[in-house]
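A short write-up of the structure that comes next.
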Amino acid sequence: MALRLPPTVVFIGRPNVGKSTLFNKLTGIRRSIVAPLPGTTRDVIAQPVIWQDRSVMLTDTGGMFGASQDPLHDLVVERGRRALSKADLIVMVADGREGLVPGDQDVAAAARVANIPVILAINKMDDRRAHGGALELYRLGFDAVVEVSAEHGMGVADLMDAIVGALPDAPRATSEPERPETAVAIVGRPNAGKSSLVNRLLSEERMIVSEVPGTTRDSVDAMLTWHRKQFRIVDTAGIRRAGRVARGGQVETLSVMLARRAIERADVVVLVIDATEGPADQDGAIAGAAIEAGRGIIIAANKWDLMKSEGQDGAKHFDENLRYQLKFLDFAPILHISAKTGERAPKLLETIEKISAARNTRVPTGALNRFIESITRAHPPVSPGQRSVRVLYAAQTTVAPPSFVLFTNVATKLHFSYERFLENRLRDEYGFFGTPIRISIRRRAEHRGKGQADRAARRGRENSRRKDR
C-alpha cells in the first residue's frame, strides 16, 4: 500500500507581511529567517505539521510579489510559482496595519488563478491600528478569513483549524514508528557548490544556484530515498569568517546561525571544498564545529571536473596538501566529486551510509577491556606527572559519537599523544570510519582503598566477559 503524502499548504504574500514569522510559529521551530529586509526568504522551505491528528505540509516561499532589488528575484519567483503549482491550499498573508494596498490585489489575483482553496490570514492584529485595515482586506472577497498575530501567537490555532477544515482528505497521523533517516548537513564556504550538490543528489533543481555569494540564506531540508535508505539533506548558507559575517548584516548572521544549528542536528556533515581553490582556514573552523558536535565528517572536493588535467599526481598532491592543512581531520574520507557532472555522487551517499553505521557501533564491554588491556600492557601510559598508570577498567558509554571512559589507578588525564594513540588503535580495531571518537579518563574513587578498587575492576571485567559469552 502506497504511503499517502500530506497535502501541501503554500504561504504567499507581499514582502514583510509576516509570512516567515507565521510559518515559524505554526511549525514550532525557527526554520525561516525573519528580518525587516524585503526578499529575505529565497528558497522554498517546507515542514510537516500535525494538527487534530491530521498531517499537512506547510511551505514558506520567497518574495514573489512586489518590487525587489534582489539580483536573484527572478529565480525566487520561478521557485515560488513552481511550489504554487503543486499546492493543495493557499494561505495568503496580508498586513492588517497597512490595510489593502495594490500589491495585495496582485497576490489575490495569483491565488484565484491557482483555482484551489484560499485562506486569507490578516496578520499583526495585536495592534489596534490594524482593525481598520482588516476591514479593507475583507473586500478581497475570500470566504475563509482568519485574523492572527504571528509574533504573539494570537489566532494561530484558529488558522490551523481552518487549514485542516479546508483539507478534509488530509491523511491521519499514525502511531507507527517513523522510518529511520540519516540527517546530512551540506556545509562549506560561499560558492563551494553546496546547493548544486544538493540539486544533483535530489535529481531536481530544488535549491537556487547562482554565482552571487550568499545565495542560500535559510537552511533548507529535502528528503531523499536511496537504496531503501532515507536521507534528510540540509543545504546551508556559506559560512565566512566571523568578522565578515558581522559586516554582512543581520540576514547573514542569522544564516550562519542556522547553518551551525544544522551541523548540530546532523548525523553526518559533508564539508564541501572548492577543489580549484583548495582548503582555507575557514574550512578548518567549520570542520572544528562538526567535530565539537560529534558528527561524522566527509570532505567533498567539488568541481573536480575542472581538475582532471592535473592527473593522478595532481590528485595525490591535492590530498596531501589538504591533510597537511586540516591535520585534525585525518579520520575523514576525501571524495573527489563534481556536482555539475554528477561524478561520484552515488559514492558520496554510500560513504554517508557507511559513516552513519560506524557512528552507532557499540563494542562489547568484555572485548573492549581485553583489547585495552593488551595495548596498554604493550605500550604503558604515563600521566603528565610521569607517574605509572594502569587502566583498571574500560567501558563504552554512548554511541553517535562513540564515547569511551577509562578508569585508572592515578590519572585523570593522559598525555594528548597517548589519547590520540588509543583513538587510532580503537579506530583500526573496530572500524569507526569517518566519525570522531571521544575518550575520557577517570581516576578510581578516592574513598576506596587500592585493593578494593582493584577487586571491583576485576569483578567488572569478569562480569563483562560472562555477558559476552
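The values are calculated or read from the model by the stated rules, or taken from the named source; none is laboratory data. Keep in mind the model is a prediction, meaning the values are calculated, not measured. Cβ coordinates were reconstructed from backbone atoms using ideal geometry, including for glycine residues, and neighbour counts include every protein chain displayed. Only protein heavy atoms, including side chains, enter the accessible area calculation; ligands, DNA and RNA are left aside. Shrake-Rupley method; radii C 1.70, N 1.55, O 1.52, S 1.80 Å.
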Q | Some residue of the range 292-299 being of a type outside the set (S, T, N, Q), under 16 Å from A192 (Cα atoms) and crowded, with 17+ Cβ neighbours inside 10 Å | A | yes
**Q.** Of the criteria (1) hydrophobic (A, V, I, L, M, F, W, C); (2) in contact (Cβ under 8 Å) with a residue 24 or more places away in the chain; (3) surrounded by fewer than 23 Cβ atoms within 10 Å (Cβ to Cβ); (4) assigned to a helix (DSSP H, G or I), which one A315 fails
**A.** (2)
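Go through R265, R261 for me and flag whichever is farther than 22 Å from K347 by Cβ, open to solvent by 30 Å² or more (accessible area, probe 1.4 Å) and without any contact (Cβ under 8 Å) to a residue 60 or more places away in the chain. Step through it out loud before you land on a result.
Numbers: R265 fails: without any contact (Cβ under 8 Å) to a residue 60 or more places away in the chain.
Only one candidate qualifies: R261.
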Q. Quick one: which of D319, D330 is over 24 Å from the mean Cα position of the chain (by Cα) and over 17 Å from S195 (Cα atoms)?
A. D319
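Would you point out which residue out of L368, L335 is assigned to a strand (DSSP E or B), buried (at least 18 other Cβ atoms within 10 Å of the Cβ) and under 34 Å from the mean Cα position of the chain (by Cα)?
Numbers: L368 fails: assigned to a strand (DSSP E or B).
One residue alone meets the criteria, L335.
Listed here are the residues, each with its yes/no results for (1) at negative phi; (2) touching a residue at least 60 places away in the same chain (Cβ under 8 Å); (3) open to solvent by less than 70 Å² (accessible area, probe 1.4 Å).
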| residue | (1), (2), (3) |
| --- | --- |
| A94 | yes, yes, yes |
| L100 | yes, no, yes |
| Q105 | yes, no, no |
| V113 | yes, no, no |
| F142 | yes, no, yes |
| V146 | yes, no, yes |
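Hey, among A394, A400, A358, which residue is surrounded by 15 or more Cβ atoms within 10 Å (Cβ to Cβ), touching a residue at least 12 places away in the same chain (Cβ under 8 Å), hydrophobic (A, V, I, L, M, F, W, C) and on the phi > 0 side of the Ramachandran plot?
Values: A394 fails: on the phi > 0 side of the Ramachandran plot; A358 fails: on the phi > 0 side of the Ramachandran plot.
From the options A394, A400, A358, the qualifying one is A400.
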Q.
Conditions first: (1) farther than 30 Å from R390 by Cβ; (2) open to solvent by less than 40 Å² (accessible area, probe 1.4 Å); (3) part of a helix (DSSP H, G or I); (4) touching a helix residue (DSSP H, G or I) at 6+ places or on another chain (Cβ under 9 Å). T376 passes all but one, so which condition is the exception?
A. (1)
Q. Across the range 279-308, what is the number of residues that are within 19 Å of E343 (Cα to Cα), at pLDDT below 90 and among the β-branched types (V, I, T)?
A. 0
Q) Does G451 meet the test of being modelled with pLDDT of 75 or more and either part of a loop (DSSP other than H, G, I, E, B) or over 41 Å from the mean Cα position of the chain (by Cα) (or both)? A) no
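Filtering the range 373-393 down to residues that are charged (D, E, K, R) and in contact with a strand residue (DSSP E or B) (Cβ under 8 Å, 6 or more places away or on another chain), which residue is modelled with the highest pLDDT?
To start, the set of residues in the range 373-393 that are charged (D, E, K, R) comprises 373, 377, 387, 390.
Of the ones still in play, those that are also in contact with a strand residue (DSSP E or B) (Cβ under 8 Å, 6 or more places away or on another chain) are 373, 390.
Details: E373: 94, R390: 88.
My answer is E373.
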